[in-house]
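Participant: Here it is: the structure, laid out below.
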Amino acid sequence: MFEYIFGELTVKKIDYVALDINGLAYKIFISLKTFEALGETGQDEKLYVHTHVKEDDISFYGFKTENERELFKALISTSGVGPKLGLAILSTYNVKDVINIVIESNSKLFTKVPGLGDKKAQKIILDLKDKVKKLNIIETYNENGEISKGNPIVSDTSNTKILLMKEDIKLALESLGYLNADVSKWIKDEELSQINDIGEAIKSILQKIQNKK
């Protein structure tokens, strides 16, 4: 129904925002990754939207990038995945990570998503494999961890190792009080591939966080 909605960000919550257009505010549900990419209230924002229509409800789901929206649409077209679970998956992993998890059939990583068990994770991966291959998704990250245009996402043998390292690092950061830490924002996959000691990566991230303050 809508390609995107552009307006003033008047409400910013973890799970939804409101964009105001000439006094009319659209409530739009978002993922944690989109939340982290948004500016402060009072600024203009553009969200690519998916309109979800049910018999008794029409809801908007918004995403900072077209890539995230296209993957969300692929997720909710999968049996057993509704909008809430789709957002939970995209709140736990970024687009690149989800695609690599599917390509490599790594259901263990999918079980990190709240409410997603191994049996269901395997089924989702099986249903998503062909859909993911048909998606025209390109995504890279610049020095600030922001999404920008790049080459098509592909899988390689090091991706699983990197994803597992990210999970360990995220758990370690949370134990230090850094909740919902986006590891990809603070350290690149290329850096992780050269690191054997998780402690070294954590020290590097903590130093970057301190320098950012």
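Participant: Dipole of the chain (Lys/Arg Cβ +1, Asp/Glu Cβ -1, origin at the Cα centre): which of 67, 165, 2 lies farthest to the positive side?
Facilitator: 165
Participant: Assign unit charges at the C-beta atoms only (+1 for Lys and Arg, -1 for Asp and Glu), then state the dipole size of segment 10-124 relative to its Cα centre in Debye, rounded to the nearest 20.
Facilitator: That gives segment 10-124 a dipole magnitude of about 440 debye.
Participant: Could you work out the helix-only [θ] at 222 nm for the chain, with each DSSP H run of four or more residues adding -39,500 (n - 2.57) and the total divided by the number of residues, to the nearest 500 deg cm²/dmol?
Facilitator: Computed mean residue ellipticity for the chain: -13500 deg cm²/dmol.
Participant: While we're on this one: Sequence-distant or interchain residues sharing an amide H contact under 5 Å with residue 135, placed H: which?
Facilitator: none
Participant: Test of understanding: given the chain, find the longest segment containing no GluC sites (Glu not before Pro) that are in a DSSP loop and have at most 13 other Cβ atoms within 10 Å.
Facilitator: 56-142
Participant: I would also like to ask the following. Using the Cα centre of the chain as origin and beta-carbon charges of +1 (Lys, Arg) and -1 (Asp, Glu), tell me which of 193, 94, 109 is placed farthest towards the positive end of the dipole.
Facilitator: Checked the options; the winner is 109.
Participant: Please give me, ordered by residue number, the trypsin sites (Lys or Arg not before Pro) of segment 1-94 that lie in loop per DSSP and have at most 11 other Cβ atoms within 10 Å.
Facilitator: Here the trypsin sites (Lys or Arg not before Pro) that fit, given the DSSP loop and packing criteria, are 13.
Participant: Mean separation of Cα pairs under 8 Å and 6+ residues apart, divided by the residue count of the chain: what relative contact order is that in percent?
Facilitator: 12
Participant: Here's another thing I want to ask about it. Which residue fluctuates the most in the chain, going by a Gaussian network model with Cα springs under 10 Å, if the choices are 100, 67, 22?
Facilitator: Highest fluctuation among the options: 22.
Participant: Calculate the length of the line joining the C-alpha centroid of segment 172-213 to that of segment 10-80, in whole Å.
Facilitator: Segment 172-213 and segment 10-80 have Cα centres spaced 28 Å from each other.
Read the figures in this text as sums done on the coordinates, not as results from a lab. In this text, all values refer to a predicted model and were calculated from it rather than measured experimentally. Cβ sites come from the backbone with ideal geometry, for glycine too, and all protein chains shown count toward neighbours.
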